[in-house]
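In what follows, a structure is listed as structure tokens, so that the remarks can point back to it.
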Amino acid sequence: MTYVDGNVLAGPLAEVFGVDFTAVTGTCASCGFAAALATLRVYSTAPGFVARCPSCEEVVLRLVRTPTEAWVDLRGARSLRVPLT
């Protein structure tokens, strides 16, 4: 299966959260790997995006959009560190 890097999530996540998520540091709940969300391996052939940890391949984030809503599942992330400046 082909993947792209997490930069593909910049627009959709900024639309939902109002900040640039490529600079956000996420920590994988499975293995503890911490890096910018831009390093995630994103698969977009499903209806939406599935982002996996580049270290252990566990799902960190899922994002699905409808015409009126966005569904974001972050249960694979132990934490997100968002720079405020």
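Every number here is computed from the coordinates shown, using simple stated rules; none is lab data. Worth saying up front: this structure is predicted, and the values here are computed from it rather than measured. Note: ideal-geometry Cβ built from the backbone for every residue, glycine included; neighbour counts use all protein chains shown.
The relative contact order of the chain comes to 28 percent, based on Cα pairs under 8 Å that sit 6 or more residues apart. Count Lys and Arg as plus one, Asp and Glu as minus one, and take only other residues whose Cβ is under 13 Å from that of GLY48; the net charge is then 0. Ordering GLY48, PRO12, LEU37 by the projection of their Cα atoms onto the charge dipole of the chain, which places +1 on the Cβ of Lys and Arg and -1 on the Cβ of Asp and Glu, puts LEU37 at the extreme positive end.
Taken about its Cα centre, the chain carries a charge dipole of about 160 debye when Lys and Arg each add +1 at the Cβ and Asp and Glu each add -1 at the Cβ. Electrostatic tally near ALA35: other residues with Cβ closer than 15 Å to its Cβ, Lys and Arg +1, Asp and Glu -1, net +1.
The distance from the alpha carbon centre of segment 63-85 to that of segment 13-34 is 8 Å, rounded to a whole number.
The computed semi-axes √(5λ) of the Cα gyration tensor in Å for the structure shown corresponds, within (i) 18, 16, 11; (ii) 36, 14, 9; (iii) 32, 14, 8, to (i). Take the Cα coordinates of segment 35-85, assign each an equal point scatterer, and use the Debye formula without solvent to give log10 I(q)/I(0) at q = 0.22, 0.23 Å⁻¹. One equal scatterer on each Cα of segment 35-85 leads to -0.85, -0.90.
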